[in-house]
Amino acid sequence: MAKSSRLVYSSDTGRVAQPRKQAAAPTGDGIARVRREKKGRRGKTATTISGLRLSTAELKTLASELKRRCGSGGSVVDRVIEIQGDQVEVVLAELAKRGYQAKRGGG
């Protein structure tokens with residue numbers, strides 16, 4: 001029988017604290033890639049922004065401000081900001097205005 005490596009409780013010391021995982025460091029080159037996508041969205045268009053070196057909280061704040069500027073919905077999924085609809089030009093202009101280096105991605 002294999003011994004469990006995840007000890008949760010010990011009769012000697014009580015509850016055993018599990019080591020906490022650290023948040024992953026932001027990856028990417030710092031250049032925002034703005035793309036228009038339809039694949040896997042049941043034919044609906046979405047604008048995605050990836051490659052920003054921001055924390056999760058900063059990404060959510062930026063996504064909220066971009067959604068407000070575009071007048072549409074969206075979310076942050078796996079460090080990628082998704083805005084509903086074809087908003088590429090608006091997003092590129094807004095990111096440039098805020099000082100981010102952004103370019104159109106995709107084909």
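The values are calculated or read from the model by the stated rules, or taken from the named source; none is laboratory data. Note that the structure is predicted; figures quoted are calculated from it, not measured. So basically every Cβ, Gly included, is an ideal-geometry build from the backbone, and we count neighbours across all protein chains shown.
Here are some notes:
- When segment 27-68 is filtered for residues that are touching a residue at least 12 places away in the same chain (Cβ under 8 Å), in a loop (DSSP other than H, G, I, E, B) and among the charged types (D, E, K, R), the ones remaining, listed by number, are ASP29, LYS44, ARG53.
Yes/no matrix, rows are residues, columns are (1) over 17 Å from GLY106 (Cα atoms); (2) touching a strand residue (DSSP E or B) at 6+ places or on another chain (Cβ under 6 Å); (3) among the charged types (D, E, K, R):
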site: ALA32; (1), (2), (3): no, yes, no
site: ARG41; (1), (2), (3): no, no, yes
site: LEU52; (1), (2), (3): no, yes, no
site: ALA63; (1), (2), (3): yes, yes, no
site: GLY71; (1), (2), (3): yes, no, no
site: ILE83; (1), (2), (3): no, yes, no
site: GLU89; (1), (2), (3): no, no, yes
site: LEU95; (1), (2), (3): yes, yes, no
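- Residue selection: VAL90 satisfies the criterion of being touching a residue at least 12 places away in the same chain (Cβ under 8 Å) and under 11 Å from THR47 (Cβ atoms).
- Any chance VAL80 is modelled with pLDDT under 95 and either of a type outside the set (Phe, Trp, Tyr) or on the phi < 0 side of the Ramachandran plot (or both): yes
- Scanning segment 73-97 for residues that are surrounded by 13 or more Cβ atoms within 10 Å (Cβ to Cβ) and over 16 Å from ARG35 (Cα atoms) yields a total of 0.
- SER5 satisfies every condition listed in (1) assigned to a strand (DSSP E or B); (2) among the polar types (S, T, N, Q); (3) modelled with pLDDT under 80 except (1).
- Leading residue by the ranking (modelled with the lowest pLDDT) among those in segment 10-52 that are small (Gly, Ala, Ser) and under 21 Å from GLY71 (Cα atoms): GLY43
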